[in-house]
Amino acid sequence: MAKSLLLSSLIVFCTAIIESSILSNITFLLVVPDLILISSIYFSTLNGRLYGETNGLVSGLILDFITGAPLGMNCLYRVLIGYFFGLFSESIIVTGIVMPMLTVGIATIGKRLMLILISLFYPKINLNIYGFISYEFLFEFIANVLLAPVIFKFLSFFKKTLSIKDTKEMVDNIA
């Protein structure tokens, strides 16, 4: 599990660097797609609740340090999302096109709801929250949903290393 967690943390760190340094400087993007959210959903649906929580904590801390957000803000909702999608690790198949798009769409809506809820408790902190009825949210939702199958497919190349389950057990569950 340690090897898998270390590799997933490295992937999350690299995607955070890509988001903050490359994608944030592209002028025609209204909002940067949340690549970290997509990869965290893949990790939690692949390995379960505990792994999803741990990956959510690590990804939240990395984001808090890189973006300068209040410490723990990103951790809070990412741990909850990791736990929620980890609950369905036995029933969601992360291959294909429809399930990655559906899970990432639900997670993007959940992320927005949790950020709006967090901003109600901390009104003095500028969280740069935009509502559901906005071009920013629509762009982020569409970008996340369209990128989900591509990122899931890319991460599936590392499935043997990222999975904490035995590959024989994974084949038996599919059959």
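The values are calculated or read from the model by the stated rules, or taken from the named source; none is laboratory data. Only a predicted model underlies this, so the values are computations on that prediction, with no experimental measurement involved. FYI the Cβ positions are ideal-geometry reconstructions off the backbone, even for glycines, and counts take in every protein chain you see. Quick note on the areas: whole protein, heavy atoms, side chains included, nothing else; ligands and nucleic acids left out. Shrake-Rupley method; radii C 1.70, N 1.55, O 1.52, S 1.80 Å.
What's the number of the condition THR95 fails, among (1) closer than 25 Å to LYS3 by Cα; (2) in contact (Cβ under 8 Å) with a residue 60 or more places away in the chain; (3) polar (S, T, N, Q); (4) in contact with a helix residue (DSSP H, G or I) (Cβ under 6 Å, 6 or more places away or on another chain)?
Evaluating THR95 over (1) closer than 25 Å to LYS3 by Cα; (2) in contact (Cβ under 8 Å) with a residue 60 or more places away in the chain; (3) polar (S, T, N, Q); (4) in contact with a helix residue (DSSP H, G or I) (Cβ under 6 Å, 6 or more places away or on another chain) leaves (4) as the failure.
Here is a yes/no grid of residues against (1) surrounded by fewer than 19 Cβ atoms within 10 Å (Cβ to Cβ); (2) free of Cβ contacts under 8 Å to residues at least 12 places away in the same chain; (3) closer than 19 Å to SER163 by Cα; (4) aromatic (Phe, Trp, Tyr):
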{"position": "ARG49", "(1), (2), (3), (4)": "yes, no, yes, no"}
{"position": "GLY52", "(1), (2), (3), (4)": "no, no, yes, no"}
{"position": "VAL58", "(1), (2), (3), (4)": "no, no, yes, no"}
{"position": "ARG78", "(1), (2), (3), (4)": "no, no, no, no"}
{"position": "TYR83", "(1), (2), (3), (4)": "yes, no, yes, yes"}
{"position": "LEU102", "(1), (2), (3), (4)": "yes, yes, no, no"}
{"position": "GLY110", "(1), (2), (3), (4)": "yes, no, no, no"}
{"position": "MET114", "(1), (2), (3), (4)": "yes, no, no, no"}
{"position": "ILE142", "(1), (2), (3), (4)": "yes, yes, no, no"}
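Looking only at segment 59-115, which residues are of a type in the set (Ser, Thr, Tyr), under 15 Å from LEU35 (Cα atoms) and within 14 Å of the chain's Cα centre (by Cα)?
SER59, THR103, THR108
Would a scan of segment 66-81 turn up a residue that is among the small types (Gly, Ala, Ser) and at pLDDT 85 or above?
no
Of the residues that sit in segment 19-41 and are in a loop (DSSP other than H, G, I, E, B) and in contact with a Phe, Trp or Tyr (Cβ under 9 Å, 6 or more places away or on another chain), which one is surrounded by the most Cβ atoms within 10 Å (Cβ to Cβ)?
The residue in question is PRO33.
Go through segment 60-76 and give me each residue that's free of Cβ contacts under 8 Å to residues at least 24 places away in the same chain and closer than 21 Å to ILE106 by Cβ.
GLY60, ASN74, CYS75
Just checking, how many residues over segment 82-112 are assigned to a loop (DSSP other than H, G, I, E, B) and at pLDDT 90 or above?
2
Kindly provide the set of residues from segment 144-162 that are surrounded by 17 or more Cβ atoms within 10 Å (Cβ to Cβ) and at pLDDT below 85, ordered by number.
The answer is LEU162, and nothing else.
I need the full set of residues from segment 60-76 which are open to solvent by 40 Å² or more (accessible area, probe 1.4 Å), part of a helix (DSSP H, G or I) and not aromatic (Phe, Trp, Tyr), in order please.
LEU61, ILE66, THR67, LEU76
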